[in-house]
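The values are calculated or read from the model by the stated rules, or taken from the named source; none is laboratory data. Keep in mind that what you see is a predicted model, and the values were worked out from it rather than measured. Cβ: placed from backbone, ideal geometry, glycine included. Neighbour counts: every protein chain shown.
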Amino acid sequence: MLDEGRFDHILDPTGLSRRPAQRSSAARRLPALTHARVGLLNNTKQNAGPLLAELGRLLARDYGATVAIQRTKHTIAFPVDEPSLKEIAAVSDVVIVGVGDCGSCSASAVADGIAFEREGVPAAVICSDAFEVTARAMADVHGAADFEFLTTPHPVAVLNPDQVNARAAELVPAVLARVSEAVADKVPETAS
Amino acid sequence: MTGHTATDTTLSQSEIEYIYEKGWTDGLPVVPPTRERTDELLATTNRPADEIIGRLDHLKREVTVELAAINSVMAGCRPEYFPVVLACWDALMLERATVGGGWQSTSGPAPLIVVNGPIRERLGFNSTGGVFGPGFRANATVARAIGLIVRNALGIVPHVFEQATQGIPGRWAMCIGENEEESPWEPLSVDGGVPAGADAVSTTLLRTSEYVDNRHTADPEKLLADFADTISRTGSWIFRNAAAGIVFCPEHAQLLAGAGMTKDDVRSWLVTRCGRPTADLVRVGKALTDKGARGDHGEDERAAEGFEPLFAEDSPKHLPIMVAGARNAGISMVVRLFGIWSGISARVDPTPDGL
């Protein structure tokens, strides 16, 4: 145990006087995705676009959702800008963000998800499992330490199109459970 | 006896252990940052302690002059080094990567810090033999201070927000004085907009550095061709273009200058020639797409034609050139830039007492 009082004369080099205040980030889940409008936020990481597109296609085909808007982030390393956040949230009942597959973009994808939840839109954030720690730390920084994000095995960037589609199919049950109260019947068949 | 009591020794040891337990060190022991020690550094600048000199909004972190001073104390800086740390930090904040996601990058970059002007002599910055260190307090502690600021004040801690796959050798240890006395050319800081003879710091993030040992030819074009070969390797080339710098040893610089080449001549020679046949890049899975990205899309190297230049521009931002090291051998360093250099050097402010 540290006797903190004994070291009061040592200055704190971090500037953190306290942890960020934690506040709820959870939006209300949808009962089902039937007729739900899905927003897709592509962070520009290699294969993010095709993975999100396939997820949107499967949610439309198997659960009656509609892809309402697809946007690409301007800067991969930073959280989504306010105008894009509002634009996507305005026309989406649920949002999917991905793919957190690098040092800074995994963290910023989690920040995006928290921002959408605070706008009242349930969000599924997909990160490569190699970046779980940094994504978790980002949730803490943004005051939502218990924010749940989805992971997919690393790497994502080098997958071929069939493999990307297979990943999307594997992710469907988790995305569904993350944004709605619906339960997946099974992992959907992929085109391959 | 030095006057230290057993109690003092026990306290300083426990202070060091306390700082380890708080997670505030880079792995080596630090100097405990007390109010008194920190104030000695703050006294070397007119800038207010609460001035914000850096921020990462997405991580909700800020760097103030005071936090920079606390971390500089920890790094082992003497008070008079602090204006150099501040100038270095200012220059670093002009780099696109440092205010973006660069510190969090899997590439694990770190700044190369170059000091110019009389302050090198005054504060004891090494600019000659063994310039990449270690062994010199000013070089070692200024570079380390920057690393501690990034770790502690910006919160970029390894395995958490610092996601380096391997990181670069020499991280937080690359601070060199330019060997202006044996350089045939203008200092790097002149390329950065500061007049020769003024105290200045230039910096950019590196991904690594690699030597060119050529004690074999007196022909300037053959010598430069050796540099072009190292600069043009495919492994470090990931986007449409790449950037690199050269820390010439005095011998190489003098050979080139002796053949009548200015720094601009050297740069132009290299910018024209550095690059690879397209087929070489296709062969390693780095074919250029029409969107400007590189990747493997099953292209046939036999059908690939043309030559792809490595550098996007003939400019010190893309190919900074400086001179450092001893004049005892023809061994120079190619440094790999994370992005491109801002092209702006920061002046070192004089201390309030005019030193």
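What to note about this one:
- Scanning the stretch A:112-133 for residues that are crowded, with 24+ Cβ neighbours inside 10 Å and within 18 Å of B:Glu162 (Cα to Cα) turns up A:Cys127, A:Phe131.
Here's the yes/no breakdown for (1) aromatic (Phe, Trp, Tyr); (2) modelled with pLDDT of 95 or more; (3) not in a loop (DSSP other than H, G, I, E, B):
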{"site": "B:Thr98", "(1), (2), (3)": "no, no, yes"}
{"site": "B:Phe125", "(1), (2), (3)": "yes, yes, no"}
{"site": "B:Ala140", "(1), (2), (3)": "no, yes, yes"}
{"site": "B:Ala145", "(1), (2), (3)": "no, yes, yes"}
{"site": "B:Glu180", "(1), (2), (3)": "no, yes, no"}
{"site": "B:Ser189", "(1), (2), (3)": "no, yes, yes"}
{"site": "B:Val201", "(1), (2), (3)": "no, yes, yes"}
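- Residue list for the stretch A:83-110, restricted to those being more than 12 Å from every other protein chain (Cβ to nearest Cβ) and in contact with a helix residue (DSSP H, G or I) (Cβ under 9 Å, 6 or more places away or on another chain): A:Leu85, A:Ile88, A:Ala89, A:Ser92, A:Asp93, A:Val94, A:Val95, A:Ile96, A:Val97, A:Gly98, A:Val99
- Identity of the residue in the stretch A:9-66, within 19 Å of A:Glu181 (Cα to Cα) and assigned to a strand (DSSP E or B), that ends up nearest to the other protein chains (Cβ to nearest Cβ): A:Gly39
- Test: B:Ser202 is among the hydroxyl-bearing types (Ser, Thr, Tyr) and farther than 30 Å from B:Asp290 by Cβ: yes
- Filtering the stretch A:103-142 to residues that are within 15 Å of B:Gln104 (Cα to Cα), in contact with a strand residue (DSSP E or B) (Cβ under 8 Å, 6 or more places away or on another chain) and among the β-branched types (Val, Ile, Thr) leaves only A:Val110.
- Test: residue in the stretch A:73-95 that is part of a strand (DSSP E or B), within 14 Å of the chain's Cα centre (by Cα) and within 21 Å of A:His142 (Cα to Cα): yes
- Count - residues of the stretch B:195-205 that are buried (at least 18 other Cβ atoms within 10 Å of the Cβ) and either over 12 Å from B:Val114 (Cβ atoms) or touching a Gly at 6+ places or on another chain (Cβ under 8 Å) (or both): 5
- Per-region count, the stretch B:134-189, residues buried (at least 20 other Cβ atoms within 10 Å of the Cβ), farther than 23 Å from B:Trp341 by Cβ and out of contact with any Phe, Trp or Tyr (no Cβ under 9 Å at 6 or more places or on another chain): 1
- Scanning the stretch B:132-149 for residues that are closer than 30 Å to B:Cys249 by Cα and within 14 Å of chain A (Cβ to nearest Cβ) yields B:Arg144, B:Ala145, B:Ile146, B:Gly147, B:Leu148.
- Of the residues making up the stretch B:54-74, not a single one is in a loop (DSSP other than H, G, I, E, B) and away from every other protein chain (no Cβ under 11 Å).
- Residues located in the stretch A:143-184, provided they are without any contact (Cβ under 8 Å) to a residue 40 or more places away in the chain, assigned to a loop (DSSP other than H, G, I, E, B) and over 30 Å from B:Lys286 (Cβ atoms): A:Asp146, A:Glu148, A:Val183, A:Ala184
- Residue satisfying condition, being within 14 Å of chain A (Cβ to nearest Cβ), at pLDDT 95 or above and closer than 18 Å to B:Thr204 by Cβ, within set B:Phe248, B:Phe311, B:Phe338: B:Phe338
- Scanning the stretch B:303-336 for residues that are within 23 Å of B:Ala200 (Cβ to Cβ) and touching a His at 6+ places or on another chain (Cβ under 8 Å) yields one hit, B:Ser332.
- Residue satisfying condition, being modelled with pLDDT of 95 or more and surrounded by fewer than 21 Cβ atoms within 10 Å (Cβ to Cβ), within set B:Gly3, B:Gly27: B:Gly27
- Yes/no for A:Phe131 being within 14 Å of chain B (Cβ to nearest Cβ) and assigned to a loop (DSSP other than H, G, I, E, B): no
- Within the stretch B:310-355, the set of residues being over 19 Å from the mean Cα position of the chain (by Cα), within 26 Å of B:Gly102 (Cα to Cα) and buried (at least 17 other Cβ atoms within 10 Å of the Cβ) comprises B:Leu310, B:Phe311.
- Any hit, the stretch A:96-104, residues being under 10 Å from the mean Cα position of the chain (by Cα), at pLDDT 95 or above and of a type outside the set (Gly, Ala, Ser): yes
- Among the numbered conditions (1) within 11 Å of chain B (Cβ to nearest Cβ); (2) in contact with a Gly (Cβ under 9 Å, 6 or more places away or on another chain), the only one that A:His142 does not meet is (2).
- Filter result for B:Thr289 (surrounded by fewer than 19 Cβ atoms within 10 Å (Cβ to Cβ), among the β-branched types (Val, Ile, Thr) and at pLDDT 95 or above): no
- Residue satisfying condition, being in a loop (DSSP other than H, G, I, E, B), touching a helix residue (DSSP H, G or I) at 6+ places or on another chain (Cβ under 6 Å) and modelled with pLDDT under 95, within set B:Gly133, B:Gly155: B:Gly133
- Odd one out for B:Gly129 among (1) under 22 Å from B:Gly100 (Cβ atoms); (2) more than 10 Å from every other protein chain (Cβ to nearest Cβ); (3) surrounded by fewer than 20 Cβ atoms within 10 Å (Cβ to Cβ): (1)
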